[in-house]
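Here the structure is laid out as structure tokens; the discussion comes afterwards.
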Amino acid sequence: MILRGMPVAITRKVSPAIGRCELTHLERREIDVARAAAQHETYERCLERLGCRVVSLPAEPEMPDSVFVEDTAVVLEELAVMTRPGAEARRTETASVAAVLAEYRRLVVIKPPATLDGGDVLVLDRRVFVGLSGRSNLDGFEQLRSLLAPHGYTVEAVDVRGCLHLKSAVTRVAPDTVLLNPDWVDRSLFAGLDRIEIDPAEPHAANGLPVGGVLVYPDTFPRTAERLRERGALLELLDLSELAKAEGAVTCCSLMLAD
Ligand code: CIR
């Protein structure tokens with residue numbers, strides 16, 4: 001029997017500079033920093049309630065997007081891959097996350113000219129999908145494949161269209177189930193799994209975070225939430241509306257690892 005410790009969630013407080021965040025598919029709207037921070041605090045408490053030990057890094061006043069820690073690393077059981085984010089302004093975010101991750105994993109790094117955002121990497125057991133988005137390039141995919149192949153992972157490149165990251169288009173919501181937007185990613189890639197499609201009126205609804213049998217999910221997609229419930233999901237709904245203005249969703253705000 002393998003005894004597992006508590007899952008660890010690495011997070012980072014909202015930067016006071018979040019108003020200067022990168023935006024690709026959204027118009028800039030004013031972000032209420034105090035409200036964003038309060039929503040993020042609720043997110044951290046929610047993860048704790050669901051059984052995670054939250055390691056919360058201090059805010060980085062000079063790094064507007066640094067709350068979105070998911071993009072800085074790909075964490076697997078055997079190692080952690082420090083990314084080289086596609087947005088140049090975000091590359092300074094990795095160092096402080098690496099310092100924490102080094103306590104838990106052997107670290108390897110993605111090197112230039114490769115770019116890779118953690119939001120483009122979907123891990124489904126030994127299958128890893130890498131979205132070729134505006135942020136992650138072919139070199140990023142190939143470096144990740146070389147780093148993970150010795151550990152028995154199959155790494156596949158996936159086209160994504162119309163959205164920021166692969167995980168804007170598809171996430172795992174239960175052990176054998178993915179939630180996806182078929183306009184943004186090819187649903188046939190996930191043929192071996194149960195697939196739930198978002199409601200077409202809610203294109204941004206494909207990002208959910210499963211923690212301990214519960215799905216942490218934004219409260220802004222009631223139609224897709226209903227579809228998820230019909231398929232047996234237990235939802236923990238959160239208001240992350242201020243972070244959504246920065247093009248962030250639920251998975252982006254943490255790096256999850258088994259202790
Ligand atoms: C960015 O454009 O990089 C941030 N404003 C949003 C990043 C969201 N991250 C994610 O979906 N993994």
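The values are calculated or read from the model by the stated rules, or taken from the named source; none is laboratory data. What you see is a predicted model, and the numbers here were worked out from it, not measured in a lab. Every residue, glycine among them, receives a Cβ derived from its backbone with ideal geometry; neighbour counts consider all protein chains shown. Just the protein is used for accessible areas: all its heavy atoms, side chains included, with ligands, DNA and RNA removed. Shrake-Rupley method; radii C 1.70, N 1.55, O 1.52, S 1.80 Å.
Structure above, values below:
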item: Test set (1) away from the ligand (no atom under 16 Å from the Cβ); (2) modelled with pLDDT of 95 or more; (3) not hydrophobic (A, V, I, L, M, F, W, C); (4) not in a helix (DSSP H, G or I) - residue 229 fails condition number; result: (4)
item: Filter result (touching a strand residue (DSSP E or B) at 6+ places or on another chain (Cβ under 8 Å) and aromatic (Phe, Trp, Tyr)) within the stretch 66-86; result: none
item: Some residue of the stretch 1-16 being hydrophobic (A, V, I, L, M, F, W, C), touching a residue at least 60 places away in the same chain (Cβ under 8 Å), surrounded by fewer than 20 Cβ atoms within 10 Å (Cβ to Cβ) and within 16 Å of the ligand (Cβ to nearest atom); result: no
item: Residues of the stretch 96-140 satisfying the condition of being farther than 25 Å from residue 9 by Cα and away from the ligand (no atom under 16 Å from the Cβ); result: 111, 112, 113, 114, 138, 139
item: One residue from 193, 164, 209 being under 16 Å from the mean Cα position of the chain (by Cα) and closer than 24 Å to residue 126 by Cβ; result: 209
item: Pairs with Cβ under 6 Å, 6+ apart, first in the stretch 239-252 and within 16 Å of residue 203 (Cβ to Cβ) and assigned to a loop (DSSP other than H, G, I, E, B), second more than 9 Å from the ligand (Cβ to nearest atom) and among the polar types (S, T, N, Q); result: none
item: Counted residues, the stretch 157-174 - those being open to solvent by 10 Å² or more (accessible area, probe 1.4 Å), closer than 27 Å to residue 65 by Cα and part of a strand (DSSP E or B); result: 4
item: Residue among 154, 220, 177 that is at negative phi, surrounded by 14 or more Cβ atoms within 10 Å (Cβ to Cβ) and over 17 Å from the mean Cα position of the chain (by Cα); result: 220
item: Search result, residues across the stretch 35-91 that are away from the ligand (no atom under 11 Å from the Cβ), closer than 22 Å to residue 212 by Cβ, open to solvent by less than 40 Å² (accessible area, probe 1.4 Å) and part of a helix (DSSP H, G or I); result: 39, 40, 43, 44, 46, 47
